[in-house]
Amino acid sequence: MPSPLDSPLISLVHFAREMRRIPTPSEAILWNALRDRRFRGIKFRRQHVLHPYIVDLYAPVLKLVVELDGGYHEGRVEADAARDLDLAARYGVCVVRIDAGLVERDLPAALRLLGCHLG
C-alpha cells in the first residue's frame, strides 16, 4: 500500500518548502519588498501550491499570482501562457509576469508595474 507521503500534493508541498529555503536573487529581493504586508498592506505568500503548480508569489485576497520570469522562462512563452490560462480556469486567478532582471535592476519600477495590475 502506498504511503500518503507519496501523493503528488505532498511532494509539491515539500518541493515548495525547499524552494522557499533557496530563493533566486530576484525572488529574495521582491519577497523582501512584499513580505509582512509591506506593499499596500497586501498579504503575499511565496512558493505557494495551487495544485498542480507552485507559483512564485500569491495574494489570496486579490486572487493574484506573481511570476518572476528569469532565464528558465526564455523560450517558454507558449507553455507559460498555457499555464497562466490553466491557473485562471482552475482557481480564477490573474497572473502577472515580471521580468526577474527588472526586479534586480530597478525594484521600484517592478513594484510600479505590479501596482498597475492592482488598480
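Before moving on, here are some points about what is shown:
- The criterion of being surrounded by fewer than 15 Cβ atoms within 10 Å (Cβ to Cβ), within 16 Å of Leu114 (Cα to Cα), among the charged types (D, E, K, R) and touching a residue at least 40 places away in the same chain (Cβ under 8 Å) does not hold for Arg35.
- Residue in the range 95-102 that is aliphatic (A, V, I, L, M), surrounded by 15 or more Cβ atoms within 10 Å (Cβ to Cβ), in contact with a His (Cβ under 9 Å, 6 or more places away or on another chain) and modelled with pLDDT of 95 or more present: yes
- You will find that of Pro60, Pro25, the residue that is within 25 Å of Leu12 (Cα to Cα) and touching a Lys or Arg at 6+ places or on another chain (Cβ under 9 Å) is Pro60 and no other.
- Any chance Leu57 is within 15 Å of Val96 (Cα to Cα) and buried (at least 17 other Cβ atoms within 10 Å of the Cβ): yes
- Per the conditions (1) among the β-branched types (Val, Ile, Thr); (2) out of contact with any helix residue (DSSP H, G or I) (no Cβ under 7 Å at 6 or more places or on another chain); (3) buried (at least 17 other Cβ atoms within 10 Å of the Cβ), the sole criterion not satisfied by Ile42 is (3).
- Residue in the range 33-41 that is within 14 Å of the chain's Cα centre (by Cα), among the aromatic types (Phe, Trp, Tyr) and modelled with pLDDT of 95 or more present: no
- Within the range 97-119, tally of residues that are in contact with a Leu (Cβ under 8 Å, 6 or more places away or on another chain) and assigned to a helix (DSSP H, G or I): 9
- Tally, over the range 9-32, of residues that are without any contact (Cβ under 8 Å) to a residue 12 or more places away in the chain and surrounded by 15 or more Cβ atoms within 10 Å (Cβ to Cβ): 0
- Close Cβ contacts (under 6 Å, 6 or more residues apart or on different chains) running from residues in the range 90-119 that are over 27 Å from His51 (Cα atoms) to residues that are part of a helix (DSSP H, G or I) and among the polar types (S, T, N, Q) comprise Glu104/Ser26.
- Qualifying residue in the range 75-88 (condition: over 15 Å from Leu114 (Cα atoms), in a strand (DSSP E or B) and modelled with pLDDT of 95 or more): no
The values are calculated or read from the model by the stated rules, or taken from the named source; none is laboratory data. This is a predicted model, so every value here is computed, not measured. In this analysis, Cβ positions are derived from the backbone assuming ideal geometry, glycine residues included, and neighbour counts consider all displayed protein chains.
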